[in-house]
Amino acid sequence: MKFKVIFILFNIVVMFSFLIVAIMPFLMLGPEYSMVFFRESWYFFLIFLFAIGSIDLYFFMNWRLFSLLEEENWDELIIFLSDRIFTRKRLYGYYVKILANTLLLKSDIEGIVRLEKLIREEKPKILKRMVLSFSVPLLIKGDAEKMEDYFGAFVGIKGVRQSDWILFLYSFSLLLNGKKDEAAESLLTLCGRKTIPILRLLTVYSLSSVAVEGKEDFKCIGKTQQDLLSEFPKKKMEFELENVNDNVIAIVLNKFSKDAIEWLYKEQ
């Protein structure tokens with residue numbers, strides 16, 4: 001209901017503003033000069049009407065989608081988007097993202113796997129933007145070899161979003177597979193970057209299990225620990241973790257993140 005009210009109010013305000021702008025020349029300049037004004041500026045009004053028409057058309061085309069989102073009717077939303085994506089092949093980025101998030105909300109892991117398979121085959125560009133969302137089934141199953149293959153395929157690839165998270169998860173999968181030297185090298189690359197606090201913490205926490213005293217990775221751990229401790233009291237770091245709870249990886253790795261926080265502040 002709120003969505004419909006906002007949509008109606010938006011159109012009322014916009015059209016009212018349009019009428020004021022259209023009438024003002026008559027009131028201020030008079031009929032003769034106002035006609036000159038309109039002859040010279042008519043295209044501005046045309047552009048304005050086209051813009052408003054385009055916005056309204058977008059809302060009308062997605063009215064059912066917005067209504068289901070507002071109602072939080074997740075089951076019907078999944079049916080609606082599945083029809084659009086799988087049956088009608090409307091592989092729009094926002095359709096895919098909303099469906100992936102809704103499937104995660106409903107814990108439909110098989111649905112996420114099915115969606116990822118379709119996007120990988122039909123629209124790989126979207127996959128680059130949603131690597132983390134589609135990685136949830138692998139992380140939940142804990143299949144280290146498949147995780148290494150999956151994340152490794154996107155490391156260093158142009159156009160991939162949240163590349164630091166992907167590099168970390170690739171390094172993490174190397175650790176799980178017992179490839180300590182490769183994991184240490186990969187984590188050291190990430191250790192030197194300015195990323196969000198939780199990711200910096202997870203990086204040095206993971207690196208600490210394979211670091212050798214006296215080497216560069218060991219020094220990076222010490223420096224990052226000092227930086228994090230000086231910048232973030234424990235409560236603030238816990239708040240930082242809560243702040244990234246919209247990130248599906250932060251949700252899946254929540255316990256690992258809490259263990260890392262306890263490790264960082266163990267002597268305080």
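Computed from the coordinates by the stated procedures, all read-outs in this text should not be read as laboratory data. Keep in mind that what you see is a predicted model, and the values were worked out from it rather than measured. Positions of Cβ are backbone-derived with ideal geometry, glycine not excepted, and every protein chain shown enters the neighbour counts.
The residues neighbouring D227, those whose beta-carbon lies less than 13 Å from its own, together hold a net charge of +4 under the Lys/Arg +1, Asp/Glu -1 convention.
With 10 angstrom as the radius, rank I20, I119, I55 by how many other C-beta atoms surround their C-beta, starting from the fewest. Write down the numbers at each step before the final one.
On the way: I20 10, I119 22, I55 14.
Ranking I20, I119, I55 by Cβ neighbours within 10 Å, fewest first, gives I20, I55, I119.
Charged side chains reduced to their Cβ positions (Lys and Arg at +1, Asp and Glu at -1) give the chain a dipole of some 420 debye around its Cα centre. At an R0 of 51 angstrom, the distance between the Cβ atoms of K235 and V155 translates into a FRET efficiency of 0.90.
Counting charges near L127 (Lys, Arg +1; Asp, Glu -1) among other residues having Cβ under 11 Å from its Cβ returns a value of +4.
Among V136, V14, V5, V96, what is the fewest-to-most ranking by other Cβ atoms within 10 Å?
V5, V14, V136, V96
At full extension, F50 and S67 could sit 3.6 nm farther apart than now, given 0.36 nm per residue minus the alpha carbon distance. Diagonalising the gyration tensor over the Cα atoms of region 72-129 and scaling each eigenvalue by 5 before taking the square root yields semi-axes of 17, 12, 10 Å, largest first.
Defining a contact as two alpha carbons under 8 Å apart and six or more residues distant in sequence, what relative contact order in percent does the chain show?
Reported as a whole number, the value is 10 percent.
Dipole magnitude for region 61-153: computed about the Cα centre from +1 point charges on Lys and Arg Cβ and -1 point charges on Asp and Glu Cβ, it is near 520 debye. Model label points for M35 and K180, set 7 angstrom from Cα along the Cα-to-Cβ axis, are 9.0 nm apart.
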